[in-house]
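Below: one structure, written as structure tokens.
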Amino acid sequence: MSLVSIPLAVRFAMQASASENLLMARKSSSGATGDSAQPTQIFGPGALVIATLSNPREKFWGMILALAPEGLSLTGAELASFEDLTVMVRDGEPFTPAVVFFPMHRIERVELDLPDGSLPSLSQRFLAKTGLEPSAVLAAQRPDSTRESIQSPSPRSHLKERA
């Protein structure tokens, strides 16, 4: 079957636009896939995203820690608390962003935190209000760095200090 015998609407649908298949390696002009072209992970660790969840319905803004078939791990805050978070950071109050795991059956949608026309992204709003890069603030609050503050001393060690 020649390409000419295929209707124009079908031929148009078969052609991928430049924005599709962003994770695929690019082909060189000769048609061969170059070894130097590495696929990129758009939704990889460190990406700032907005996750829409179901049962219960909620939205979460944050940085991806891990994305696996089992679910999504993020560090950040519920979207409803975003303004409070920016005020706390701006005022220098101590805060700890939530480190959460959402099982895949709860994830309805994950989108990159990008500006929409003239509307700034949440990351841009965070930067404008606090003067700090959100990825740096969220990465500085890793669970490993707070492990010591979470562990409480045993009751026996407290008794030894008094004696």
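The values are calculated or read from the model by the stated rules, or taken from the named source; none is laboratory data. Because the structure is a prediction, the values reported are computed rather than measured. Cβ sites come from the backbone with ideal geometry, for glycine too, and all protein chains shown count toward neighbours.
Given the options T52, T130, name the one that is among the polar types (S, T, N, Q) and at pLDDT 95 or above. Full working, then the answer.
Working: T130 fails: at pLDDT 95 or above.
Within the list T52, T130, the selection yields T52.
What are the residues in region 67-81 that are crowded, with 16+ Cβ neighbours inside 10 Å and either among the charged types (D, E, K, R) or within 18 Å of A136 (Cα to Cα) (or both), if any? Matches in region 67-81: S73, L74, T75, G76, A77, E78.
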